[in-house]
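Have a look at the structure below before the remarks.
The values are calculated or read from the model by the stated rules, or taken from the named source; none is laboratory data. Keep in mind it's a predicted model, so treat the numbers as computed, not measured. All Cβ positions, even for glycine, are placed from backbone atoms using ideal geometry, and neighbour counts span all protein chains on display.
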Amino acid sequence: MLQYLKRRTILGLVAVLGAASLMLFGAQAQAPSGNPIKIGYSMAMTGGLGPNGKSALLAQKIWEEDTNAKGGLLGRPVKLIYYDDQTNPSTVPGIYTKLIDVDKVDLIIGGYGTNMLAPAMPVVMQKGKVFIGLLGLGVNTEFKYPKYFVMIPSGPDPKPSFTKGFFDTAVAQNPKPKTVAIVAADAEFSVNASDGARTNAKAAGIEIVYDKRYPPTTTDFAPIVRAIQATNPDLVVICSYPPDSVGMVRAVNEVGFKPKMIGGAMVGLQNTAIKTSLGPLLNGFTNYDFWLPVPKLIFPGVADFMNKYQARAAAEGVDPLGYYMAPQAYSQLQVLQQAVEGTKSLNDDKIADYIRTSTFKTVLGDVKFDKSGEWAQSRVLQVQFQNVKGNDAAQFKEMGTQIVLTPTEYSSGKVIYPYDKAKN
């Protein structure tokens, strides 16, 4: 009997070890192997766009880890190669030349902003590479490069998209506002957005009473706000980058300027650190955004991804919530991944053809591109800050402080109008 039990124990152990070996063999067989597929790009990690750029970078690292954990790409590991462009457009052509000619990357993607994507285009076009940008506005309007795509949800008419929801909300008020002031930084994104604001104002039948640019190096915004105030506009559209967005919000509050609506295309107000520092000064501002965790924007996979991002954000020293950059950056690489898998190729021409004709499943929902590389349908949000109290970052996790107004199919509440009412 004892010998029988010993025999059964040995046989059981052999079976367990055999099963474990098979599982290990299967895991090894599925693990990525060979030379990594190298994906190169520039990213703003310092300078004015640095805080948002570093948030995007964490999301991209998570994609790299997720992809390699699932077997890589075409059975090979993926490796991201990136350099800090310092939010300086003059660094960008050299970075992409190095990535392609020296680092010999297999694929490239675009960096963060309009001002960083545009200077890369001549190099990208000369090399014939697929180029999926992150948040560039109207970059391909002049180039018309057939292998350019972008993750900004501005749609087929990108310049007006940033402020269309702002004007749509305004003209729905009673009485309808009659005048608007448009102010923009003299930089590519801001100029493009202000061009679109003019288009929207004309379509809405609203008179433009102030329309000026300011130097990107401006630090004192009170004189600009007073000059706008002197024209007594009903609406104010501000097209700005992060440092000047902060300056504008503070100046509007300090001067006591109270138009009926204000905001539009202000980069930076989506960043948690900036929102926290400004606190109640934000109340009433209505501004663009791309994604927030409101019920109608919880797409498959986005909650799991955001949990991963937020669990690591503090240690990485990046935006603790990541709503603005992280879903876009992760989706950017999901599109490239699905195109490579769909073509079973690293050939830029084949990948570009596939992207133009396919719909992609991403954490931002279904994404499809038009012939210019923009999203086939716009989904730029207009969001109003309401009920912000103090300078606690945790309140921005609660969607009662940020109300999605447009597009209506994603709305989470109603505008408080006029602006002065939201301040109280």
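Summary table
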{"read-out": "Extreme residue, farthest from Phe290 (Cα to Cα), among residues of the stretch 121-149 that are modelled with pLDDT of 95 or more and β-branched (Val, Ile, Thr)", "value": "Val123"}
{"read-out": "Where a residue in the stretch 46-58 is within 15 Å of Leu333 (Cβ to Cβ) and its partner, wherever it lies, is assigned to a helix (DSSP H, G or I) and among the aromatic types (Phe, Trp, Tyr), with Cβ under 8 Å and at least six apart", "value": "Leu58/Tyr309"}
{"read-out": "Residue match in the stretch 351-360 (condition: at negative phi, touching a Ser or Thr at 6+ places or on another chain (Cβ under 7 Å) and assigned to a helix (DSSP H, G or I))", "value": "yes"}
{"read-out": "Any hit, the stretch 284-302, residues being closer than 30 Å to Ala313 by Cα and without any contact (Cβ under 8 Å) to a residue 24 or more places away in the chain", "value": "yes"}
{"read-out": "Condition check for Val246: in the same structural domain as Phe162 (by TED's automatic domain parsing), part of a strand (DSSP E or B), at negative phi and in contact with a helix residue (DSSP H, G or I) (Cβ under 7 Å, 6 or more places away or on another chain)", "value": "no"}
{"read-out": "Answer residue from the stretch 68-117, given it is outside any helix (DSSP H, G or I) and in contact with a Pro (Cβ under 7 Å, 6 or more places away or on another chain) and is farthest from Lys54 (Cα to Cα) among those", "value": "Gly75"}
{"read-out": "Within the stretch 311-342, tally of residues that are assigned to a helix (DSSP H, G or I) and surrounded by fewer than 18 Cβ atoms within 10 Å (Cβ to Cβ)", "value": "7"}
{"read-out": "Subset of the stretch 346-384 that is polar (S, T, N, Q) and in contact (Cβ under 8 Å) with a residue 40 or more places away in the chain - its residue that is surrounded by the fewest Cβ atoms within 10 Å (Cβ to Cβ)", "value": "Gln377"}
{"read-out": "Residue in the stretch 173-184 that is in contact with a helix residue (DSSP H, G or I) (Cβ under 6 Å, 6 or more places away or on another chain) and assigned to a loop (DSSP other than H, G, I, E, B) present", "value": "yes"}
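Residue-wise test of (1) within 21 Å of the chain's Cα centre (by Cα); (2) crowded, with 18+ Cβ neighbours inside 10 Å; (3) at pLDDT 95 or above; (4) of a type outside the set (Val, Ile, Thr).
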{"site": "Ala44", "(1), (2), (3), (4)": "yes, yes, yes, yes"}
{"site": "Pro51", "(1), (2), (3), (4)": "yes, yes, no, yes"}
{"site": "Ala56", "(1), (2), (3), (4)": "yes, yes, yes, yes"}
{"site": "Ala59", "(1), (2), (3), (4)": "yes, yes, yes, yes"}
{"site": "Glu65", "(1), (2), (3), (4)": "yes, no, yes, yes"}
{"site": "Leu73", "(1), (2), (3), (4)": "no, yes, yes, yes"}
{"site": "Lys79", "(1), (2), (3), (4)": "no, no, yes, yes"}
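Each row is one residue, and each column tells you yes or no for (1) touching a residue at least 40 places away in the same chain (Cβ under 8 Å); (2) in the same structural domain as Gly138 (by TED's automatic domain parsing); (3) of a type in the set (Gly, Ala, Ser).
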{"residue": "Pro77", "(1), (2), (3)": "yes, yes, no"}
{"residue": "Ser90", "(1), (2), (3)": "no, yes, yes"}
{"residue": "Thr97", "(1), (2), (3)": "no, yes, no"}
{"residue": "Leu117", "(1), (2), (3)": "no, yes, no"}
